[in-house]
Amino acid sequence: MDQDKLHLALISSPGMGHLVPVLLLANRLATHHHLHVTILAVTTQTSPVESHLLSSLTPSTLIHLIQIPSPPFSHLLLPDDSVVTRLAIMMREAARAIRSAVSAMPRRPHVLISDLFSTDSLPIADEFGMQKYVYVPTNARFVALTMYLHVLDKEVEGQYVDRVEPLVVPGLVPVRGKDVPDPMLERGNRQYDEYVRMGVNFANLSDGVLMNTWRDLDRRSLDALKCDGILRPVLKVPFYDVGPLTRDGYPTPLEGIEVIEWLDRHPVDSVLFVSFGSGGTLSGRQLTELAWGLELSGQRFMWVVRPPVDGNAKDGTFFTAGIGSTGPMPTFLPEGFLNRTKDRGLVVPLWAPQVKILNHRSVGGFLTHCGMNSIHESIRGAVPMIAWPLYSEQRLNATLLTEELGVAIRPEVIPAEEEVGRVEIEKMVRSLMESQEGKRMREKVKLLSLSAKKALEINGSSYKSMCEFISSCEMKMKSA
Ligand code: UDP
């Protein structure tokens, strides 16, 4: 190992959704900036897909991986604790093992970077004379709201979701109470307290925050975070927009050849891709309404269908309704749906090669649950969206796409709260795929796609921001 080179340690909490962004950041630091990176991955059990990812995304000899088994923590949980609370408690308990791992490293890293859930490990850096940062693999709007939450917590009374007036965070487009991230939905719940604590830790325990976003995606919130006089005096630390860091593909059980061949047969920008992320599902009734909406719209579609959240995946019937199949039909799709739509619709069970699909010339729209990876992939493929947020921070992401960027349309109701009816779905699909408004969005998203590419190029905004972060670390390293 080159002793003069900056060495960064990145902590990842368990689960693909947390590990992948950390691997992507590590890869960027190693392959584009030639720095040494050690990933401290707290793992529960590594699945074959995770193992494949770990090996495929750590090709560089500059990246070293240390796996840390998750500590016992169930004795600290209450029966109805959410995933957020569980993860936060687990990662707090893992701090001791993380400390031991750092202490045992033959060449101590200069910088410690925590993920969202491991900020309680940042004081380890002080002990070993390291610099300390947080990496948040999402946008600046989310970061600003999270870090400002402790102020809202003092100023606002009652539940945020019950408010008619939106929440005001200086410099941001106001946040509707109904659009807050899940942990903010119920004040008094333990996950709310964990979330407030995270935001406070970003400002009080770190030397700065890196985000997976770029200037043209998040202009307004980035200005609020970075420019003097808006949020900066409250949030104090420097911010670095270093994205979009996305993967080019994802290990997939399907090769996806049939799916791509199907797309090849359709005209440019004519197919709506419908998918709800790696695990998102709808209720049986909502699936039925969606099927009707797609059928009534008369548009071409490719739909990744999963068994509904409230059951109904009957004895394998679901899986036989495979690619192009008109065979036995899942009970939640309207009778005759597959047959009536077989010339213009494809139902893909469970999983599809999303990145390839979004980059296919035939795909002209994406009905998405607004997970940040899906949004980045859609923008990179220059595909406008129908925003159908389900959980987590997805409602906040949906407002970024609709209100700030104008590259998506959104149902009147909040889908997690109320069913979206077939008539509204039909209207949204037609509007995105064939109206002037849809065309305008397609033009805007093309520009945004270009800006994403440029941001990462040498002298692009994200490239420069990453260089600023690295120079600041190197300066401190030399003066230490
Ligand atoms: N994905 C995929 N095929 C599918 C469903 C999802 O390749 O059928 C990938 C998708 O490309 C994205 C990730 O899974 O990279 C989902 O991440 P996102 O942040 O959008 O949502 P999450 O699953 O974390 O809610």
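For F337, indicate whether it is aromatic (F, W, Y), modelled with pLDDT under 80 and crowded, with 17+ Cβ neighbours inside 10 Å.
Numbers: aromatic (F, W, Y): yes; modelled with pLDDT under 80: no; crowded, with 17+ Cβ neighbours inside 10 Å: yes.
The answer is no for F337.
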Name the residues in region 186-200 that are within 16 Å of E393 (Cβ to Cβ), surrounded by 19 or more Cβ atoms within 10 Å (Cβ to Cβ) and touching a residue at least 24 places away in the same chain (Cβ under 8 Å), would you?
-> Q191, E194, Y195, M198, G199
Is it true that E424 is more than 12 Å from the ligand (Cβ to nearest atom) and within 26 Å of L24 (Cβ to Cβ)?
-> no
Quick one: V237 ticks every box in (1) modelled with pLDDT of 80 or more; (2) more than 30 Å from V151 (Cα to Cα) except a single one, so which number is it?
-> (2)
If we keep just the residues of region 347-377 that are more than 9 Å from the ligand (Cβ to nearest atom) and part of a strand (DSSP E or B), which is nearest to M302 (Cα to Cα)?
-> V347
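Among the residues that make up region 411-421, is at least one of them part of a helix (DSSP H, G or I), within 24 Å of the chain's Cα centre (by Cα) and without any contact (Cβ under 8 Å) to a residue 40 or more places away in the chain? Show your work before the answer.
Taking region 411-421 first, the residues part of a helix (DSSP H, G or I) are none.
No: region 411-421 contains no residue that is part of a helix (DSSP H, G or I), within 24 Å of the chain's Cα centre (by Cα) and without any contact (Cβ under 8 Å) to a residue 40 or more places away in the chain.
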Does region 311-333 contain any residue that is more than 15 Å from the ligand (Cβ to nearest atom) and either under 19 Å from M433 (Cβ atoms) or at pLDDT 90 or above (or both)?
-> no
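Just to check your reading of the model, which residue among V173, V164 is of a type in the set (V, I, T) and either farther than 13 Å from L396 by Cα or without any contact (Cβ under 8 Å) to a residue 12 or more places away in the chain (or both)?
When all the criteria are applied, what remains is V164.
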Looking only at region 378-410, count how many residues are within 13 Å of the ligand (Cβ to nearest atom), under 24 Å from E261 (Cβ atoms) and surrounded by fewer than 24 Cβ atoms within 10 Å (Cβ to Cβ).
-> 2
Going through region 224-245 in order, the residues found to be buried (at least 19 other Cβ atoms within 10 Å of the Cβ), part of a loop (DSSP other than H, G, I, E, B) and either under 21 Å from the mean Cα position of the chain (by Cα) or not aliphatic (A, V, I, L, M) (or both) are V242, G243, P244, L245
Does at least one position in region 247-254 carry a residue that is at pLDDT below 90 and β-branched (V, I, T)?
-> yes
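Pick from region 4-42 the residues that are within 16 Å of the ligand (Cβ to nearest atom) and not in a helix (DSSP H, G or I): which of them is modelled with the lowest pLDDT?
Residues of region 4-42 within 16 Å of the ligand (Cβ to nearest atom): 12-25, 27.
Okay, now just the ones that are also not in a helix (DSSP H, G or I), so 12-15.
Values: S12: 96, S13: 95, P14: 91, G15: 85.
Top of the filtered list is G15.
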Are any of the residues in region 201-223 within 15 Å of the ligand (Cβ to nearest atom), surrounded by 15 or more Cβ atoms within 10 Å (Cβ to Cβ) and more than 22 Å from the chain's Cα centre (by Cα)?
-> no
Does at least one position in region 291-299 carry a residue that is surrounded by 23 or more Cβ atoms within 10 Å (Cβ to Cβ) and under 23 Å from the mean Cα position of the chain (by Cα)?
-> no
Out of all the residues in region 355-377, which are basic (K, R) and either more than 18 Å from E261 (Cα to Cα) or modelled with pLDDT under 95 (or both)?
-> K356
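The values are calculated or read from the model by the stated rules, or taken from the named source; none is laboratory data. This structure is a prediction, so every number in the text was calculated from the model and none was measured. For neighbour counting, all protein chains shown are included, and Cβ atoms are generated from backbone atoms with ideal geometry for every residue, glycine included.
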